[in-house]
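A.B. asks: A single structure is presented below for examination.
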Amino acid sequence: MDLFDRNNETTEQSRRPLADRMRPETLDEFFGQEHLLKKHSLLRRAIEEDRLFSVIFWGPPGSGKTTLARIVAGETKAYFAAFSAVLSGVKELRKVVEEAEARWQNNRQKTVLFVDEIHRFNKAQQDAFLPHVESGLITLIGATTENPSFEVIAPLLSRCRVLVLKPFSDEDLVRILNRVLRDRRRGLGNLGLELDQDALAYLVHTADGDARTALNSLEAVASLLAAGEGQSSRISRVQVEEALQKKGLQYDKSGAEHYNLISAFHKSLRGSDPDAALYWLGRMLTAGEDPLYIARRMVRFASEDVGNADPMALSIAMTAMQAFHFIGLPEGELALAQAAVYLATAPKSNALYAGYGRVKAAIAATGTLPVPLHIRNAPTRLMKDLGYGRDYRYAHDYEGAWVPQEYLPDALLAKEHEFYRPTDRGYERTIRERLEKWKKRLNEARRQQQTSSEK
């Protein structure tokens, strides 16, 4: 290779996104998915012994489906043909089949056909694979983010093994990012960058198990540093947050009085002052405010500030909005006024609002925790074989239509993850008493289960 060839290779390499350049090329470079690739596992033995079988990789974006398919073909003697369900159809498949037949006849070389996003093929297109998979002419490796039970036709599914890929663990993502920072040939090693621990943790957290997202984020940070002059090679969390920030929503700052009025109205409702609520409602309507905007704000208030202290509040707010739709101005204003007085005088609770806030905080902190197997839907044989729905107890079969059973992921079963904490105001008092009774029974069941497991 002469100087010009090396320059062309360097230019081509730098043009490709970091996530593509850093694709592992061997099993030794591949991090994660230990349940599929550990020593003596079915897939690893098939690769090492060159006894590939047709398989569908099912997993979330960025879990390594395409990369693993390329490694599988690369570490065997098979010819690798890539096929996109987005760009290709039956015509292109016929050409692949013809070439596979010639390859087998001339060299006795098998063909691995990788079909990305196989769920995008319709039934007729998937049917076209069947005879060639069944005859062994091609070994099919499909990749999908969708449940193959619903997206892949049964005859094709029965001829393939379904292997489930999981999101990458935090530890795997740390290893991947550190390798990128050290790799001088394909990664960012030549830049001499170092990540602070909290910056690394933030990149891993925002990736949420997606290796591609993690690499794209790191590339964005590196690009931001390269654009600045006199920047330190050490990357802080602040720099990561700056590189990944989302553009804020814009609004008309000249409309300050609009926001002042709706704020006064909302706070008057929350403060249980019907006179002030009616006054600010009248001020807004007189000024020409959109009545449906006010109605939407009252619907929001009914859930945010009244909640289950008075479950009728939401119905009243919705009915007022429908009544205004039906009557219009000016008569419809009375429906809005009636709702405003009802909301102002209703018992107040923000327990629902606060509880949902805790839910969003927990999701942000823990990511996409898997649904416990026993409460997953299991309409297909594959899903039942994977343990979906096993040991689920149907509440209506038990006294009071309630049975002690866990519904949250294991990581969220601690007491601090009791998201909804009802008050003793209005109807929430009844809800609170009911929940306390159920929690007492559930805790007793937990103690019994722990005692039996210790014996």
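A.B. asks: For the range 146-169: of the residues being modelled with pLDDT of 90 or more and in contact with a His (Cβ under 8 Å, 6 or more places away or on another chain), which is nearest to Trp104 (Cα to Cα)?
C.D. replies: Val152
A.B. asks: Just need a number here: residues in the range 18-33 that are free of Cβ contacts under 8 Å to residues at least 40 places away in the same chain and under 21 Å from Leu191 (Cα atoms).
C.D. replies: Residues flagged as free of Cβ contacts under 8 Å to residues at least 40 places away in the same chain and under 21 Å from Leu191 (Cα atoms) within the range 18-33 amount to 1.
A.B. asks: Can you run down the residue pairs with Cβ atoms below 9 Å, 6 or more apart or on separate chains, where the first is in the range 356-376 and within 21 Å of Pro404 (Cα to Cα) and the partner is assigned to a helix (DSSP H, G or I) and open to solvent by less than 50 Å² (accessible area, probe 1.4 Å)?
C.D. replies: That search, which allows pairs on different chains as well, returns Arg376/Met383.
A.B. asks: Let me ask something additional. Any residue at all in the range 304-321 that's under 28 Å from Tyr420 (Cα atoms), at pLDDT 95 or above, of a type in the set (S, T, N, Q) and exposed (fewer than 14 other Cβ atoms within 10 Å of the Cβ)?
C.D. replies: Yes, the range 304-321 contains a residue that is under 28 Å from Tyr420 (Cα atoms), at pLDDT 95 or above, of a type in the set (S, T, N, Q) and exposed (fewer than 14 other Cβ atoms within 10 Å of the Cβ).
A.B. asks: List pairs: first in the range 253-267 and farther than 12 Å from Leu281 by Cα, second at pLDDT 90 or above, Cβ under 6 Å, 6+ apart or cross-chain?
C.D. replies: Note: no pairs meet the criteria.
A.B. asks: Would you mind stating whether Leu352 is modelled with pLDDT of 90 or more, hydrophobic (A, V, I, L, M, F, W, C), more than 30 Å from Pro311 (Cα to Cα) and surrounded by 13 or more Cβ atoms within 10 Å (Cβ to Cβ)? Give the steps one after another, and end with the answer.
C.D. replies: Values: modelled with pLDDT of 90 or more: yes; hydrophobic (A, V, I, L, M, F, W, C): yes; more than 30 Å from Pro311 (Cα to Cα): no; surrounded by 13 or more Cβ atoms within 10 Å (Cβ to Cβ): yes.
Against the criterion (modelled with pLDDT of 90 or more, hydrophobic (A, V, I, L, M, F, W, C), more than 30 Å from Pro311 (Cα to Cα) and surrounded by 13 or more Cβ atoms within 10 Å (Cβ to Cβ)), Leu352 does not qualify.
A.B. asks: Go through the range 370-407 and give me each residue that's hydrophobic (A, V, I, L, M, F, W, C), exposed (fewer than 14 other Cβ atoms within 10 Å of the Cβ) and touching a Pro at 6+ places or on another chain (Cβ under 8 Å). Write out each step before concluding.
C.D. replies: Going through the range 370-407, the residues hydrophobic (A, V, I, L, M, F, W, C) turn out to be 371, 373, 375, 378, 382-383, 386, 395, 401-403.
Add one more test, that the residue is exposed (fewer than 14 other Cβ atoms within 10 Å of the Cβ), and what stays is 371, 395, 401.
Residue satisfying the conditions is Val371 alone.
A.B. asks: To continue, here is another question. Just name the residue that is most open to solvent (accessible area, probe 1.4 Å) out of those in the range 192-229 that are touching a helix residue (DSSP H, G or I) at 6+ places or on another chain (Cβ under 8 Å) and acidic (Asp, Glu).
C.D. replies: Per the stated criteria, the residue is Glu194.
A.B. asks: Hey, could you check the range 152-178 for residues that are in contact (Cβ under 8 Å) with a residue 24 or more places away in the chain, open to solvent by 70 Å² or more (accessible area, probe 1.4 Å) and not in a strand (DSSP E or B) and say which is farthest from Pro370 (Cα to Cα)? So that I can check it myself, show each step before the final result.
C.D. replies: Of the residues in the range 152-178, the ones in contact (Cβ under 8 Å) with a residue 24 or more places away in the chain are 152-153, 155-157, 159-170, 172-177.
Next, from what is left, pick out any that are open to solvent by 70 Å² or more (accessible area, probe 1.4 Å): 159, 161, 166, 170, 175.
Checking which are not in a strand (DSSP E or B) leaves us with 159, 166, 170, 175.
Numbers: Arg159: 27, Lys166: 10, Asp170: 15, Arg175: 23 Å.
So the residue we want is Arg159.
A.B. asks: When the range 103-139 is examined, which residues are found to be part of a loop (DSSP other than H, G, I, E, B), more than 18 Å from Arg51 (Cβ to Cβ) and either in contact with a helix residue (DSSP H, G or I) (Cβ under 7 Å, 6 or more places away or on another chain) or without any contact (Cβ under 8 Å) to a residue 24 or more places away in the chain (or both)? Let's see the steps before the verdict.
C.D. replies: Going residue by residue through the range 103-139, those that are part of a loop (DSSP other than H, G, I, E, B) are 108-110, 117, 121-122, 128-129, 136-137.
Cutting the leftovers down to more than 18 Å from Arg51 (Cβ to Cβ) gives us 117, 121-122, 128-129.
Passing the criteria: Asn122, Ala128, Phe129.
A.B. asks: Quick one: in the range 416-431, of everything that is among the aromatic types (Phe, Trp, Tyr) and open to solvent by less than 70 Å² (accessible area, probe 1.4 Å), which residue is farthest from Asp310 (Cα to Cα)?
C.D. replies: Residues of the range 416-431 among the aromatic types (Phe, Trp, Tyr): 419-420, 427.
Those left that are additionally open to solvent by less than 70 Å² (accessible area, probe 1.4 Å): 419-420.
Values: Phe419: 19, Tyr420: 16 Å.
Once the filter is applied, the top-ranked residue is Phe419.
A.B. asks: Yes or no: the range 44-61 includes at least one residue that is open to solvent by less than 10 Å² (accessible area, probe 1.4 Å), closer than 18 Å to Leu218 by Cβ and touching a Gly at 6+ places or on another chain (Cβ under 8 Å).
C.D. replies: Within the range 44-61, the first condition is being open to solvent by less than 10 Å² (accessible area, probe 1.4 Å), and the residues that meet it are 46-47, 55-57, 59.
Going one step further and asking which of them are closer than 18 Å to Leu218 by Cβ, we end up with none.
Within the range 44-61, not a single residue is open to solvent by less than 10 Å² (accessible area, probe 1.4 Å), closer than 18 Å to Leu218 by Cβ and touching a Gly at 6+ places or on another chain (Cβ under 8 Å).
A.B. asks: Using the structure shown, decide if Gly189 is open to solvent by less than 40 Å² (accessible area, probe 1.4 Å) and more than 30 Å from Tyr79 (Cβ to Cβ).
C.D. replies: Numbers: open to solvent by less than 40 Å² (accessible area, probe 1.4 Å): yes; more than 30 Å from Tyr79 (Cβ to Cβ): yes.
Yes: the conditions hold for Gly189.
A.B. asks: How about the range 13-58: which of its residues are of a type in the set (Gly, Ala, Ser) and touching a Ser or Thr at 6+ places or on another chain (Cβ under 7 Å)? Don't jump to the end; show me each part of the working.
C.D. replies: So in the range 13-58, the residues of a type in the set (Gly, Ala, Ser) come out as 14, 19, 32, 41, 46, 54.
Of everything in the range 13-58, those that are of a type in the set (Gly, Ala, Ser) and touching a Ser or Thr at 6+ places or on another chain (Cβ under 7 Å) turn out to be Gly32, Ser54.
The values are calculated or read from the model by the stated rules, or taken from the named source; none is laboratory data. Since this is a predicted model, take the numbers as computed values, not measurements. Cβ sites come from the backbone with ideal geometry, for glycine too, and all protein chains shown count toward neighbours. What goes into the accessible areas is simple: the full protein's heavy atoms, side chains included, and nothing from ligands, DNA or RNA. Shrake-Rupley method; radii C 1.70, N 1.55, O 1.52, S 1.80 Å.
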